[in-house]
1. Provide the packing ranking of 358-365, 44-51, i.e. peptides ordered by the mean count of other C-beta atoms within 10 Å per residue, highest first.
2. Ordered by packing density, taken as the mean number of other Cβ atoms within 10 Å over each peptide's residues, highest first, how do 229-238, 27-36, 67-76 rank?
3. Given a 1.4 angstrom probe, I'd like the percentage of the accessible area of segment 173-307 that is carbon and sulfur, rounded to a whole number.
4. Based on C-alpha coordinates, I'd like the Rg and Dmax of segment 184-312, in Å.
5. FRET efficiency for Ala304 and Glu172, Cβ-Cβ distance as r, R0 = 22 Å, nearest 0.05?
6. Calculate, for segment 188-232, the solvent-accessible area per residue in square angstrom, rolling a 1.4 angstrom probe over the heavy atoms of the protein chains.
7. When only alpha-carbon atoms are used, what values of Rg and Dmax, in angstrom, describe the chain?
8. To check you understand DSSP bridge types, tell me what percent of the beta bridges within segment 323-400 (both residues inside) are antiparallel, rounded to 5.
Amino acid sequence: MNTADLGLPVDVPSTALFTDHYELTMLQAALKAGTAERRGVFEVFTRRLPDGRRYGVVGGTGRVLDAVENFRFDEGALRFLRERGAVDEATLEWLAGYRFSGDIWGYPEGEVYFPGSPIMRVEGSFGECVLLETVILSILNHDSAIAAAASRMASAAGGRPLIEMGARRTHELAAVAAARAAYVGGFTSTSDLAAGFRYNIPTVGTSAHAFTLLHDSERDAFRAQVDSMGRDTTLLVDTYDVAEAVRTAVEVAGPGLGSVRIDSGDLLLVAHRVRRQLDELGARDTRIIVTSDLDEYAIASLAAAPVDAYGVGTQLVTGSGHPTASMVYKLVARAESAEPGAPLVPVAKRSTGGKTSVGGRKWAARRLDADGVAEAEVVGTGPVPDALAGRQLLVELVRGGEVVAREPLDAARDRHAAARAGLPLSATQLSRGEPVLPTEYAHGGSGS
């Protein structure tokens with residue numbers, strides 16, 4: 001597999017070291033105790049949504065599948081572990097042959113989730129599953145946080161296009177993952193070429209203030225850009241004086257000028273002034289794009305403004321104040337012994353302090369009201385009630401170590417739009433509130 005598809009530098013041979021040291025020491029101790037081969041069930045979930053958020057968005061599932069497939073301890077990784085004395089030789093020998101051979105089920109990418117939702121379920125031997133904790137959580141926590149922020153921004157934008165522009169505000173590899181997650185959440189394009197190359201996301205970009213400052217006059221800069229890119233380009237009009245720049249832009253490009261971009265000032269006021277000026281100059285079809293530290297609240301405040309598109313950077317790639325989804329990866333069931341076919345028994349953390357979990361291998365379904373609108377997230381163990389059998393949320397992702405659920409990124413994007421549309425209207429409110437759906441726990445049954 002090409003590691004570039006994972007957003008990795010080409011000299012990184014695998015994802016095996018994207019893990020925490022204690023996962024390997026747990027493996028070593030379990031191998032010595034004879035418990036590493038016990039079948040286990042791990043689940044990814046979050047105990048709560050970020051403060052004020054009404055729903056979460058599953059992001060990064062496709063990247064998780066790539067990471068699991070590429071989780072191999074090559075010679076370089078094994079040499080590093082040996083030189084550091086991280087684990088003993090018996091464990092190194094076990095790691096040399098590591099290939100995940102279990103099963104993974106999960107919410108499909110783009111689906112929404114709530115506290116307690118079993119977003120991903122990983123089944124196999126304890127040894128092979130425990131090693132995947134960090135890489136799975138690092139992807140899902142980052143990408144789901146960005147996708148959720150993107151979804152809120154897309155709701156606030158009310159159908160106007162959103163451009164992801166955060167590559168300069170985060171780690172270079174995180175920028176690629178963020179652009180992907182933003183696209184799932186509803187953004188239409190990205191400025192990051194690596195994201196466009198790896199994930200076929202539409203890319204856009206024209207010029208920054210430096211291009212205007214390079215030239216002897218703003219007119220010279222506009223002329224150079226129009227001559228190179230055509231009249232449908234986007235001219236940046238706030239380097240000096242906005243009104244003068246708009247006038248010059250139309251004089252240079254004519255009334256067929258594609259767009260102007262505003263990157264500073266009172267965006268609501270300036271957008272209205274620019275729209276009026278463009279119309280007076282005959283450039284009635286020229287679009288207005290606004291940037292400048294936007295978040296979902298700023299976008300919502302511009303709903304009545306004559307804005308045609310938004311460019312968002314910092315607030316998007318930092319999750320708009322919530323850079324993680326706070327997901328955890330917990331063992332919820334394990335076999336009574338390492339014997340093949342040994343029955344599973346539920347296990348759960350019971351400590352105080354709010355970090356308890358619910359044991360047992362779980363299913364999840366979304367119950368609808370009489371109008372077809374979601375009214376509850378139902379999570380349970382045992383048989384699925386007949387009334388919910390057709391509403392189950394988990395899908396098979398990996399079977400016997402083989403990925404079975406790859407899909408185009410647009411499928412996840414479309415799924416999210418449909419999932420969000422199926423929630424109560426209050427899901428799109430930006431005011432603080434509880435999750436829009438309650439999570440109900442059930443023990444299954446055969447009745448309806």
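1. Highest to lowest by the protection proxy: 358-365, 44-51.
2. Highest-to-lowest ranking by the protection proxy: 229-238, 67-76, 27-36.
3. On the way: 3080 of 5960 Å².
Here carbon and sulfur together make up 52 percent of the probe-accessible area.
4. Calculated on Cα positions, Rg and Dmax stand at 14.7, 43 Å.
5. Once rounded, the FRET efficiency stands at 0.05.
6. Ligands and nucleic acids excluded, the result is 60 Å² per residue.
7. That works out to 25.3, 81 Å for Rg and Dmax.
8. Bridges in segment 323-400 that DSSP calls antiparallel: roughly 100 percent.
The values are calculated or read from the model by the stated rules, or taken from the named source; none is laboratory data. On a predicted model such as this, the values are computed, not experimentally measured, just so you know. Because the Cβ atoms are built from the backbone with ideal geometry, glycine has one as well, and the counts that use them run over all protein chains shown. Accessible surface is based on the protein model in full, side chains and every heavy atom, while ligands, DNA and RNA are left aside. Shrake-Rupley method; radii C 1.70, N 1.55, O 1.52, S 1.80 Å.
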